């Protein structure tokens, strides 16, 4: 296997960040958008810079440390609170909801893990596809409760356990984009 140069890693980190932003900040839920309706696309550049800084923090934090599950859940709650404080004027109802924060953190960790940049994540991103496959009631776009998130993770862990897999392994094996199912 070839070693990765700093330039290759920087390039991949940036591209994985783009994928993360697209996955976590795109929603079809018209009642619970990410951004305030008055926030123009060009105004969101500042918000995306703040979130990109967070993505770099996630990569450093999770690639260099053993993070406990409690620390991971606390981190997701902190991300929601910190981004709400920093980006209030851009966000729908001034909030970066916990459900959006878990999707942002967990999808980025999934990308970093599959690229070999960090160890296997403790959790998986919960979106509509995984929710529907698992048959759980968690709506990530609407949820602003860390307790709801923890309950959804417990439900998903139980499902993964029946397959003899960790949560991240189960989600990676299970996840398929809806368009892929039509092919």
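The values are calculated or read from the model by the stated rules, or taken from the named source; none is laboratory data. Not measured: the values here are computed from a predicted model. Glycine also receives a Cβ, built like all others from the backbone with ideal geometry; neighbour counts cover every protein chain displayed.
What the table shows:
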| quantity | calculated |
| --- | --- |
| Residue in segment 141-156 that is part of a loop (DSSP other than H, G, I, E, B), at pLDDT 95 or above and over 24 Å from residue 33 (Cβ atoms) present | no |
| Unique residue being surrounded by 14 or more Cβ atoms within 10 Å (Cβ to Cβ) and at pLDDT 95 or above when the list is 77, 23 | 77 |
| So residue 136, is it in contact (Cβ under 8 Å) with a residue 12 or more places away in the chain, farther than 18 Å from residue 75 by Cα and not in a helix (DSSP H, G or I) | yes |
| Scan of segment 23-56 for residues that are more than 22 Å from residue 112 (Cα to Cα), free of Cβ contacts under 8 Å to residues at least 12 places away in the same chain and outside any loop (DSSP other than H, G, I, E, B), ordered by number | 41, 42, 45 |
| Residue check for residue 46: over 19 Å from residue 103 (Cβ atoms) and touching a helix residue (DSSP H, G or I) at 6+ places or on another chain (Cβ under 8 Å) | yes |
| Output for segment 48-63, where each listed residue is within 16 Å of residue 109 (Cβ to Cβ) and surrounded by 12 or more Cβ atoms within 10 Å (Cβ to Cβ) | 51, 52, 54, 55, 56, 57, 58, 59, 61, 62, 63 |
| Qualifying residue in segment 98-105 (condition: surrounded by fewer than 20 Cβ atoms within 10 Å (Cβ to Cβ) and in a helix (DSSP H, G or I)) | no |
| Residue satisfying all of: in segment 162-183; modelled with pLDDT of 90 or more and assigned to a loop (DSSP other than H, G, I, E, B); nearest to residue 134 (Cα to Cα) among these | 163 |
| Segment 115-133, residues that are surrounded by fewer than 19 Cβ atoms within 10 Å (Cβ to Cβ) and either outside any helix (DSSP H, G or I) or in contact with a helix residue (DSSP H, G or I) (Cβ under 7 Å, 6 or more places away or on another chain) (or both) | 115, 116, 117, 119, 120, 129, 133 |
| Subset of segment 80-97 (residues that are touching a helix residue (DSSP H, G or I) at 6+ places or on another chain (Cβ under 6 Å), part of a helix (DSSP H, G or I) and surrounded by 15 or more Cβ atoms within 10 Å (Cβ to Cβ)) | 80, 86, 87, 90 |
